[in-house]
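Notes follow the structure.
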Amino acid sequence: MECMRQYINELLDFIADMHTLTKLKSHMKSCCQPLHEDTFGGNLKVGLAQIAAMEISKGNHRDNKAVIRYLPWLYHPPSAMQQGPKEFIECVSHIRLLSWLLLGSLTHSALNQGSTSCMPIPLDAGSHISDHLIVILIGFPEQSKTSVLHMCSLFHAFMFAQLWTIYCEQGAATPTMQNQNEFASTAILTGLEFWSRVTPSILQLMAHNKVMVEMVCLHVISLMEALQECNSTIFVKLIPMWLPMIQSNLKHLSAGLQLRLQAIQNNVNHQYLQGLQGCAQTSAIPSVLRKWLQCTQFKMAQVEIQSSEAVSQFYPM
């Protein structure tokens, strides 16, 4: 940690670079290293993200000094008058970097069984982060036609939303925090406030056309499956809003999506019955959380590789 401290900015640039994984994959093919080319880059990024997350978390203290130093844009999302192509791609880049940092933070906590607090992104930044996400959701119908990276922006937005939700819940469950009850309540409320700010933009996105409806529903269903798998408290509170939102567009969904939605509903009903019997699980099982984090890491890495390879066909690196 000591030797890396002076290189945190370079480390963050490495994590944020969309072409990093493609370059690593290409290098591994040429040098025949005995490592899996599809997972090595993601493992490296999440390992470095753990170091960055710990360093920022340690340096924040009461005034969030470290996060402001390393992520100066965090508390300054684009205004409504600034939401053009440049701001859109900047927000996508910021959300991708934040996703890796949250993944690093959650992975560190999962590996250490929550014995140490690792919260690089302060909860009070939640409203500002949601504004970055709203820029992506509002701009997606127009900007998605520009390039593969722009097209993948919706994936990055919903992947971040999953990570932020679990991040808030894991923050609430961390046993080493002072004033734990008050902090736990604040963490859950932060997660709920995030969704109260983002959901209107999701609904606005669904109002465009049938193609957009199915695309958004696919992401929302994937998000619900992930949160349900992690036994999310916030998911339980928001499912009465999310299910009608999807069910009202049932005719636009494929048979496969309808089956996945029904499975979610069945699990909700099963968990409700368990709750009545007093045997409901109240937090994510560590092994389940670690498995979900590994799957999330792989998905994020693969999308970055695919985006980078598509871009490099037109723009040499």
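The values are calculated or read from the model by the stated rules, or taken from the named source; none is laboratory data. The shown structure was predicted, so the numbers you read here are calculated from the model rather than taken from an experiment. As a convention, Cβ positions derive from the backbone with ideal geometry for all residues, glycine included, and neighbour counts pool all protein chains shown. Note: accessible area is taken over every heavy atom of the protein model, side chains too, but ligands, DNA and RNA are not part of it. Shrake-Rupley method; radii C 1.70, N 1.55, O 1.52, S 1.80 Å.
Charge dipole of the chain (Cα centre as origin; +1 on each Lys and Arg Cβ, -1 on each Asp and Glu Cβ, all else neutral): 320 debye, rounded to the nearest 20. Of the residues 203, 223, ranked by 1.4 Å probe accessible area with the largest first, the sequence reads 203, 223. Note on the chain: dipole from Cβ charges, positive end direction compared against 234, 60, 7; the farthest Cα belongs to 234. If you sort 151, 300 by accessible surface, 1.4 Å probe, largest first, the order is 151, 300. Surface composition of the chain: carbon and sulfur atoms hold 57% of the protein heavy-atom accessible area at a 1.4 Å probe. According to the square roots a ≥ b ≥ c of the eigenvalues of the Cα gyration tensor, what is the shape class of the chain, taking rounded for a/c under 1.5, prolate for a/b larger than b/c otherwise, and oblate for the remainder? Taking the square roots of the gyration eigenvalues as a ≥ b ≥ c, the chain is rounded.
The label-point distance for residue 189 and residue 251, in a model that sets each label 7 Å from Cα toward Cβ, rounds to 4.2 nm.
Rounded to the nearest 10 square angstrom, residue 13 shows an accessible area of 110 square angstrom against a 1.4 Å probe. Projected label points at residue 6 and residue 265, each 7 Å from Cα along the beta carbon direction, are separated by 6.1 nanometres. With protein chains left intact and a 1.4 Å probe, residues in the chain average 48 Å² of accessible area per residue. Taking each DSSP H run with n ≥ 4 as -39500 (n - 2.57) and averaging over every residue of the chain yields -24500 deg cm²/dmol at 222 nm.
Comparing mean-square fluctuations of 109, 222, 287 from a GNM of the chain with C-alpha springs under 10 Å, the top value falls on 287.
Classify the stretch 133-262 as rounded, prolate or oblate, taking a ≥ b ≥ c as the square roots of the eigenvalues of its Cα gyration tensor: rounded when a/c is under 1.5, otherwise prolate if a/b is larger than b/c and oblate if not. Prolate, since a/c reaches 1.5 and a/b exceeds b/c.
At 27 angstrom or more along the helix axis (alpha-carbon based) and mean Kyte-Doolittle of 0.5 or higher, what helices does the chain contain? Whole DSSP H runs only.
Working: long enough: 40-60 (30 Å, 0.32); 85-111 (39 Å, 0.68); 153-173 (30 Å, 0.68); 180-206 (38 Å, 0.37); 210-229 (28 Å, 1.04); 255-276 (32 Å, -0.30); 286-312 (39 Å, -0.16).
Helices meeting the span and hydropathy rule in the chain are 85-111, 153-173, 210-229.
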